[in-house]
1. Out of Gly207, Gly188, Gly235, I need the residue that is within 17 Å of the chain's Cα centre (by Cα), in contact (Cβ under 8 Å) with a residue 40 or more places away in the chain and surrounded by fewer than 22 Cβ atoms within 10 Å (Cβ to Cβ). Which one?
2. Given the condition more than 15 Å from the chain's Cα centre (by Cα), surrounded by 13 or more Cβ atoms within 10 Å (Cβ to Cβ) and polar (S, T, N, Q), answer yes or no: does some residue in the stretch 244-261 qualify?
3. Could you look through the stretch 179-230, keep only residues that are part of a helix (DSSP H, G or I) and of a type in the set (Ser, Thr, Tyr), and pick out the one that is nearest to Ser69 (Cα to Cα)?
4. Could you give every pair whose Cβ atoms fall below 6 Å, whose first residue belongs to the stretch 82-97 and is acidic (Asp, Glu), and whose second residue is modelled with pLDDT of 95 or more, counting only separations of at least 6 or pairs across chains?
5. Search the stretch 210-229 for residues being without any contact (Cβ under 8 Å) to a residue 40 or more places away in the chain and surrounded by fewer than 17 Cβ atoms within 10 Å (Cβ to Cβ), and hand back the single one that is nearest to Ala252 (Cα to Cα).
6. Can you find a residue that is of a type in the set (D, E, K, R) and under 19 Å from Leu261 (Cβ atoms) anywhere in the stretch 132-139?
7. Any residue in the stretch 56-75 that is charged (D, E, K, R) and buried (at least 24 other Cβ atoms within 10 Å of the Cβ)?
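The values are calculated or read from the model by the stated rules, or taken from the named source; none is laboratory data. Remember, predicted model here, so these are calculated numbers, not experimental data. Glycine also receives a Cβ, built like all others from the backbone with ideal geometry; neighbour counts cover every protein chain displayed.
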Amino acid sequence: MNHATAADGTRLWYDVHGAGDPLLLIHGQSLDHEMWEGVYEDLAERHRVVRVDLRGSGGSDAPVERAYSMELLAGDALAVLDDLGVGRAHVYGFSMGGKVAQTLVSIAPERVGALVLGSTAPGGDNEVERPRHASLALRRASSAQGRELIAPLFYTPGWAAAHPETVTRILPRNPLRAQRRHYEASLGYDGWDLLPRLRVPTLVVHGEDDELTPVGNAGLLAERIPGAELLVLPGVRHGYLHEAAPKATEAALAFLARNPLNAP
């Protein structure tokens, strides 16, 4: 493991696996690099995979004195690429990490090869809102009932019961104040006007039965981002990464193979 340093001195944890075109993985709200367990290994068979913990999560510092924003978190991701000496990488952002990834492309398009957006949304007034019970579950995810509230939003009941270790990895473990900073940053994001300017190859992936980030958001992203491809996976929820593996991973790998970093 390694640490990069953001412009404000925040230390950012990351690790690297595999070889090939660099692929930066950006986790979801109040999660960390462990959410990619069971996924990054297959990605690393063809890519130099970089897992990062954004500020407030995992092995990274958790300063909470100032508000977080997608621009601040995108700066964290760029600091990691800088620390590695990586000038350009593919980016795979999941949930809130997808909003970070959108922002990263908008502020530094020359640093991104291809983009995979998983279980994410455009933010702002145009975002398809999650149902009230999903919002309540998200806010109570760190409570004693967190597992019972969050697991059904990520996975179908049978799959969750058969994979308790995966459910544990998608429960927030970061400090409560940092969780609040992540929540506020995601809630305050509005990328609607940015999307038409994301001129990189983009794949949008979503579970058809996602209530945490309703699937209508995937259609909005795919329509708004020029040339974007859309993959909706039937029968799965927010956590398609795991429950729809290996199909979801294979689709991402095939997309990245069609859009190598050295493409003209």
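1. It is Gly188.
2. So far as the stretch 244-261 goes, yes, one or more of its residues are more than 15 Å from the chain's Cα centre (by Cα), surrounded by 13 or more Cβ atoms within 10 Å (Cβ to Cβ) and polar (S, T, N, Q).
3. Ser186
4. Asp83/Ala4
5. Glu229
6. The answer is no, given that none of the residues of the stretch 132-139 is of a type in the set (D, E, K, R) and under 19 Å from Leu261 (Cβ atoms).
7. Checked the stretch 56-75: no residue is charged (D, E, K, R) and buried (at least 24 other Cβ atoms within 10 Å of the Cβ).
Rundown of residues vs (1) hydroxyl-bearing (Ser, Thr, Tyr); (2) within 27 Å of Asp42 (Cβ to Cβ), yes/no style:
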site: Leu153; (1), (2): no, yes
site: Arg173; (1), (2): no, yes
site: Arg180; (1), (2): no, no
site: Trp192; (1), (2): no, no
site: Pro201; (1), (2): no, yes
site: Asp209; (1), (2): no, yes
site: Leu241; (1), (2): no, yes
site: Thr249; (1), (2): yes, yes
